[in-house]
Amino acid sequence: MNLSKTVLALFLAVFSVVLNSAEFKVDRYGQAVGLEFPDKITSDAELKADVDAHNVYYTSFTIPERTYYGGLPGSKEKYNLTRTGFFHLEKIEELDGRVMLVDPEGNLYFHLGVCSMMPGNEFTTVKGREELYEWLPTADSDFRQARWAKAASFYLANWIRKYGSYDEVKWQKTIVERLRRLGFNGYGEFSQIFPGNDKLGFAYTKCLEHYWKKGFSITAGRSIDPFDPQNAVLLEKEFASRVKSYFNDPGLIGFYTENEVFYHEVMPQMLKRSDTFSAKQEFARKMQEYYKNNIAIFNKEWNISLAGFDRIATTALEAKTPEAKKALAFFEEFYWDTYFRLVSTTLKKVDPDHLYLGERIHTNQLHNDLVNRIMGKYCDVFSANYYTEHYDPEMIQKLANLTGRPIILSEWNYGCREQGLPGVVNVADQKERAKRFRLYAEQSAADRNVIGTQWFCLIDEALTGRGFNDYNGERLNTGLFNICDRPYKELCNAAAESNSRVYDLIEKKVSIDESIVKEKGK
């Protein structure tokens with residue numbers, strides 16, 4: 001998950017002031033020193049006492065009646081759905097023609113996932129700024145699993161204090177059991193699937209991002225050059241290598257092929273390049289076609305003087321005039337059609353059984369109509385990381401009309417500063433966070449265009465930022481659970497309530513809770 005550059009820069013500037021203040025430190029549990037809030041841990045004994053207390057809390061929730069994968073019991077027979085052994089899509093006439101996911105056993109399924117279900121996202125870089133921390137785990141101690149060479153995880157250290165040890169398989173089983181009681185039925189993206197998940201019935205998705213790092217020629221940013229024939233060979237090889245372990249896994253819903261690409265940057269960056277590469281050569285050919293071999297008109301509209309179209313490929317350009325921008329749009333349509341056709345056909349060739357879920361569109365790209373429309377031609381499901389103050393059914397309808405695909409809302413959350421971390425979308429307090437969860441969750445379930453959501457994410461990010469971003473890592477109140485493994489109870493209670501209503505909302509047996517609808521208007 002990436003914030004826009006402007007928002008991120010502002011946030012880091014504000015947070016750096018706090019970090020540099022003399023009184024700010026991180027305590028032995030990963031919490032802010034000097035900041036008081038409900039449920040703040042002050043001793044190891046409190047963590048150990050949480051074992052029994054949390055067992056009582058989570059078991060107080062009755063697991064909704066669901067199928068093995070979390071689908072709707074009896075829906076196979078009720079709607080005459082098909083059992084294929086894999087997740088797939090079906091149009092259900094009895095639900096006004098709504099297209100829905102169907103699980104491998106043939107039951108109606110609405111995906112309720114939680115992203116980053118693994119220890120790792122909460123590791124924070126500590127090397128070089130050890131003075132910020134009252135205590136750090138070391139690699140030669142009982143907390144060795146909470147320490148990497150440059151980074152540490154207070155979450156894992158607290159888990160070890162709480163339970164005495166950390167075992168990834170036991171951890172996964174514990175977390176899945178918690179989430180199932182809260183009504184979730186799957187992993188969101190960036191989760192690690194440990195051994196034994198095939199016995200848990202918790203479905204998941206898989207993102208193939210960063211494949212382009214393996215020797216591909218790049219047009220710009222993270223877009224491989226779709227006109228380079230060698231890329232087609234590399235892509236098939238790379239996808240085949242990455243997906244082979246998933247071929248026969250019924251628990252996999254499908255694949256994303258990228259995450260939060262800034263598509264609008266690709267064309268300007270491509271134009272600026274003056275070296276020879278396939279996409280720029282194709283651009284030159286397309287301009288010759290567009291301008292009907294009249295270089296004089298091209299020169300006039302692009303404010304340049306070239307002897308012929310063959311010079312375009314090695315010339316840095318910029319589309320400044322309305323006419324040049326129109327010509328560029330002509331090529332951009334062709335570019336992205338070629339790109340998504342290549343990605344989609346290659347993925348389907350190596351794995352025809354799982355769904356192609358698109359590229360997890362960044363919130364600020366949801367209005368990139370050209371790219372989204374073309375992506376919709378080639379994906380099975382359109383995925384959108386949709387962060388918003390309030391869910392907008394009209395915008396989702398527009399996306400559905402544009403793409404022609406059902407939508408999975410592949411990231412969303414709300415956060416508040418109560419424990420020292422802001423949210424992507426900030427609200428006043430945890431009570432308000434819970435209300436926003438309910439409104440978004442219930443509106444999306446009731447929306448005929450949506451087939452699932454993935455909350456970002458399981459655990460809060462570290463107070464000093466997530467480690468894979470070095471010293472400027474994202475630091476957000478994203479979790480259902482905080483860094484001490486304590487649940488945000490208002491939020492978890494809200495999740496359990498709304499998740500239990502999902503299939504009733506889909507079947508129109510209930511309406512969105514009026515109390516939370518009224519809260520939106522305040």
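Going by neighbour counts of Cβ atoms within 10 Å, the residues Thr345, Thr67, Thr403, Thr42 line up, fewest first, as Thr42, Thr345, Thr67, Thr403. Both numbers refer to the Cα atoms of the chain; Rg and Dmax are 24.7, 80 Å. For Arg129 and Asn426, the FRET efficiency from 1/(1 + (r/R0)^6), where r spans their Cβ atoms and R0 equals 30 Å, is about 0.70. For the chain, Cys207, Cys379, Cys416, Cys484, Cys492 have no disulfide-compatible partner, since no other Cys C-beta lies under 4.7 Å from theirs.
Short-range pairs are left out: with C-alpha atoms under 8 Å and at least six residues apart, the relative contact order of segment 268-328 is 44 percent.
Summary of the geometry: segment 253-279 and segment 99-127, compared by the centres of their Cα atoms, lie 27 Å apart.
In terms of other Cβ atoms within 10 Å, Leu317, Leu72 run from fewest to most in the order Leu317, Leu72. Fewest neighbouring Cβ atoms within 10 Å first, the residues Phe87, Phe143, Phe247 line up as Phe247, Phe143, Phe87. Where does helix 44-59 land angle-wise versus the long Cα axis of the chain, in degrees 0 to 90, nearest 10? Between the helix axis and the principal axis of the chain, the angle is about 80 degrees. The alpha-carbon atoms of segment 365-418 define a convex hull whose volume equals 75 cubic angstrom per residue. Secondary-structure-derived ellipticity at 222 nm for the chain, considering helices only, amounts to -11500 deg cm²/dmol, per-run term -39500 (n - 2.57) for DSSP H runs with n ≥ 4. Which whole-number percent of Cα pairs in segment 195-278 have a distance greater than 22 Å? Everything past 22 Å amounts to 40 percent.
About the centre of its Cα atoms, segment 74-173 shows a dipole size close to 240 debye [charges on the beta carbon of Lys, Arg (+1) and Asp, Glu (-1) only; nearest 20 debye]. Shape index of segment 268-328: Rg/Rh, with Rg the Cα radius of gyration and Rh the Kirkwood radius from the inverse mean 1/r over Cα pairs, equals 0.90. The stretch between Ala232 and Lys244 holds 2.5 nm of extra length on full extension. This uses 0.36 nm per residue minus the Cα-Cα distance. Relative to the current alpha-carbon distance between Asp504 and Asn401, full extension at 0.36 nm per residue lengthens the span by 34.6 nm. The three principal axes of the Cα atoms in segment 336-431 give end-to-end lengths of 49, 27, 19 Å, sorted in falling order. Packing-based ranking of 322-330, 117-125 yields 117-125, 322-330, ordered from highest to lowest mean Cβ neighbour count within 10 Å.
The numbers here are math on the coordinates, done by the rules we state, and not lab data. All of these numbers come straight from a predicted model, not from anything done at the bench. So basically every Cβ, Gly included, is an ideal-geometry build from the backbone, and we count neighbours across all protein chains shown.
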